[in-house]
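Everything below concerns the one structure shown next.
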Amino acid sequence: MKTEREFLMGKLKEAGIRGRVYESLKDLKNSNGVQVGAVLRVGESFVRSGSKKRFTDDEGRRRQRNRLFERTTVLHVVIADSDEDKVDQVLTKFLSIISKGFPVNENWVDIEIGDADWLEKNDTILKSCIVVEFDVTLHGGIYSEDAEIKTPAVGAIAAGSE
């Protein structure tokens, strides 16, 4: 989850958030800035998977990769500023530079953006005048190490086939 959070925090900085991107609700509440960006943890879920993928590596060896779990991570993104146009600019830039996914430890993670909630000054705990909040769902997996597939030699008798 750390790599995923750091990826989103980097994209918020790239989109125009100046200063610190907050990682906890407590720090976000205590912030004095008008322009604020945050990536907060919501949760993670795991579902057992039996998926297997067979492939040939760069050296021509047959290998198999087993997906042990499907992993779904939900992070909450907050963008706030003094003016609706400024928030919209950062949001639009963030959405335009966010990719469909990215690699984490040589495994692909898909990114899905949820619905956005816009909050006015009186509806939020922040000192900003306007806030947009939305969830980012990341779909990935936990894999076992690649295993080489042993192919029997031509003419060899498989054990137990007598």
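The values are calculated or read from the model by the stated rules, or taken from the named source; none is laboratory data. These numbers were taken from a predicted model, which means no experiment stands behind them. Quick reminder, even Gly has a Cβ in these numbers, built from the backbone with ideal geometry, and neighbours come from all protein chains shown. Surface areas here come from the heavy atoms of the whole protein model, side chains and all, with no ligands, DNA or RNA. Shrake-Rupley method; radii C 1.70, N 1.55, O 1.52, S 1.80 Å.
Here the contact order of the stretch 69-149, divided by its residue count and restricted to Cα pairs under 8 Å and six or more residues apart, works out to 45 percent. For the chain, relative contact order (Cα pairs under 8 Å, six or more residues apart, normalised by length) works out to 26 percent. Among the listed pairs 13/93; 52/100; 13/86; 2/121; 26/93, give every one whose C-alpha distance is greater than 19 Å. From 13/93; 52/100; 13/86; 2/121; 26/93, over 19 Å: 52/100; 2/121; 26/93. The Stokes-Einstein estimate for the stretch 96-145, based on a Kirkwood radius over Cα pairs and taken at 10 °C with 1.306 mPa s viscosity, is a diffusion coefficient of 118 µm²/s. Using Kirkwood radius over Cα pairs in Å as the read-out, say which of (1) 18.4; (2) 17.8; (3) 20.0 was calculated from these coordinates. Among (1) 18.4; (2) 17.8; (3) 20.0, the one calculated here is (1).
Apolar share of the accessible surface for the chain: 47 percent from carbon plus sulfur atoms, 1.4 Å probe. Above 18 Å, the calculated P(r) of the stretch 61-127 contains 56 percent of its Cα-Cα pairs.
Give the average over all directions of the projected area of the C-alpha convex hull of the stretch 13-71, one decimal, in nm². Before the final figure, lay out each step's value.
On the way: hull surface 29.4 nm².
Mean projected area of the Cα convex hull: 7.4 nm².
Over all other residues within a Cβ to Cβ distance under 13 Å of residue 50, the charged ones net out to +4, with Lys and Arg as +1 and Asp and Glu as -1. A 1.4 Å probe run over the protein chains yields, for the stretch 37-113, 62 Å² of accessible area per residue, whole-number rounding. Using the average count of surrounding beta-carbon atoms within 10 Å as a protection proxy, the listed peptides 63-73, 129-139, 91-101 rank, highest first, as 129-139, 63-73, 91-101.
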